[in-house]
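Data first, discussion second: the structure below is written as structure tokens.
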Amino acid sequence: YQNNNGYNYGQQLRLLIRIKDQPEIKNFYRIFVNTDIEIQIDPEYAKYHDLPETHTLSYKTMDTDDPAITNGTPKNNYNTDFAEMEFMQNYYNIFTDDLFTNSEYTLNVYIPYPSISGFYYGYSYNYVDPKYIKLHKTKVTIRLQALSPELYQYYNSLQKFLYHTDDVIEPFRVFNNIEGGIGILGSINQLRYVVYEKENEQVLP
């Protein structure tokens, strides 16, 4: 996968997520993608190094150049070179239905393709060589949330605050809707999809 800046991320798994927008109202969304990779370590190697034979690696990384999320401006894998809603980083993966009001839309996102180049395990940072690892099973969990306008406004103002913290001299107001207090009252409606890859006994390079 190569983004609009020409940066090559190597192997990526592409996810196409179809959204059917609720008509007649303004809609606000948030998306999460988690990847859990279950690996098996060679039994003799695991025994010698006092490691479990099965281990799960979890990733919460997601990349996208989808204009609905990036406001039409490309970003890179580190969320550092795009602008959306007057801030640099879309920390919370929030977006609106501006591009697909009252219609259907397919989000285009990427996650690292399940592969292991070796990893460090435990507090002692034991390195496990990839030649002793087998990819066993991969689970991808997609959570698509519909946010209330108040909650979207809170996340929007919060990530503006997080980006501008070092530059702001005067106090920066994070949205709250609790009269006479501090806090946010909002709601989330969430759809959760789980995709499993078939077991793969191939030894990884």
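Bear in mind that the values in this text are calculations on the coordinates, not laboratory data. Given the structure is predicted, the values throughout are model-derived calculations rather than measurements. Ideal geometry is used to build each Cβ from the backbone, glycine not excepted, and the neighbour counts take in all protein chains shown.
Quick one: order 195, 140 by neighbouring beta-carbon count within 10 Å, fewest to most.
In order of increasing Cβ crowding within 10 Å: 195, 140.
How many nm separate the modelled label positions at residue 196 and residue 57, each set 7 Å beyond the Cα in the direction of the Cβ?
Between residue 196 and residue 57, the label points sit 2.1 nm apart.
Can you list the residues, at least 5 places off or on another chain, whose amide H is less than 5 Å from the amide H of residue 13, using H built in the peptide plane?
111, 113
Neighbour counts of other C-beta atoms within 10 Å: give me 111, 25 arranged from fewest to most.
Ascending Cβ contact count within 10 Å gives the list 25, 111.
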